[in-house]
1. What's the total number of residues in the stretch 43-56 that are of a type outside the set (S, T, N, Q), surrounded by fewer than 16 Cβ atoms within 10 Å (Cβ to Cβ) and part of a helix (DSSP H, G or I)?
2. Given the conditions (1) surrounded by 15 or more Cβ atoms within 10 Å (Cβ to Cβ); (2) of a type in the set (A, V, I, L, M, F, W, C); (3) modelled with pLDDT under 90, which single one is not true for ILE30?
3. Being assigned to a helix (DSSP H, G or I) and either more than 21 Å from LYS28 (Cα to Cα) or not β-branched (Val, Ile, Thr) (or both) is the filter here; which residues of the stretch 57-76 pass it?
4. Say whether the condition of being surrounded by fewer than 13 Cβ atoms within 10 Å (Cβ to Cβ), part of a loop (DSSP other than H, G, I, E, B), at pLDDT 90 or above and not hydrophobic (A, V, I, L, M, F, W, C) is met by at least one residue in the stretch 77-91.
5. Mind checking which residues of the stretch 15-42 are farther than 19 Å from GLU87 by Cα, more than 12 Å from the chain's Cα centre (by Cα) and either without any contact (Cβ under 8 Å) to a residue 24 or more places away in the chain or in a helix (DSSP H, G or I) (or both)?
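The values are calculated or read from the model by the stated rules, or taken from the named source; none is laboratory data. What you see is a predicted model; the values in this text were computed from it and never measured. Here Cβ is always computed from backbone atoms with ideal geometry, including for glycine, and neighbour counts include all displayed protein chains.
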Amino acid sequence: MYKSNSAANIVKGARFMPCTLIDEESGKEIKLNVKEPKLKVYKQFETLDDSSDISDITAVTAAVLNGNKEGIKIDAEFVENNFTLDEIAQFFDDFSNWIKTARETNPN
């Protein structure tokens, strides 16, 4: 499960998006600070659209989440087991808004 929280934090020039995930198997709450993605991951994110295959969507979601300050590994299987399509859509909406806000706050 994904809990929406799209505040942009600027820490010593680095950009982090706070995220809260719930591992539905264990019930454990996972708090992440997602880093600004590398261009390769961001390009993958930009290619997604309404016709994208679910495996591509879960892979990109995992790639974005896997780039976290805590070093916690998030893979496509975790996304498949813990996210609904609505939660993925909300995550991508939050992610897009966060990137925009982070760019406006510190365009470098």
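1. 4
2. So the condition that ILE30 fails would be (3).
3. Keep residues of the stretch 57-76 that are assigned to a helix (DSSP H, G or I), which gives 57-66, 76.
Within the stretch 57-76, ILE57, ALA59, VAL60, ALA62, ALA63, LEU65, ASN66, ALA76 meet the criteria.
4. Yes, some residue in the stretch 77-91 is surrounded by fewer than 13 Cβ atoms within 10 Å (Cβ to Cβ), part of a loop (DSSP other than H, G, I, E, B), at pLDDT 90 or above and not hydrophobic (A, V, I, L, M, F, W, C).
5. Within the stretch 15-42, LEU39, LYS40 meet the criteria.
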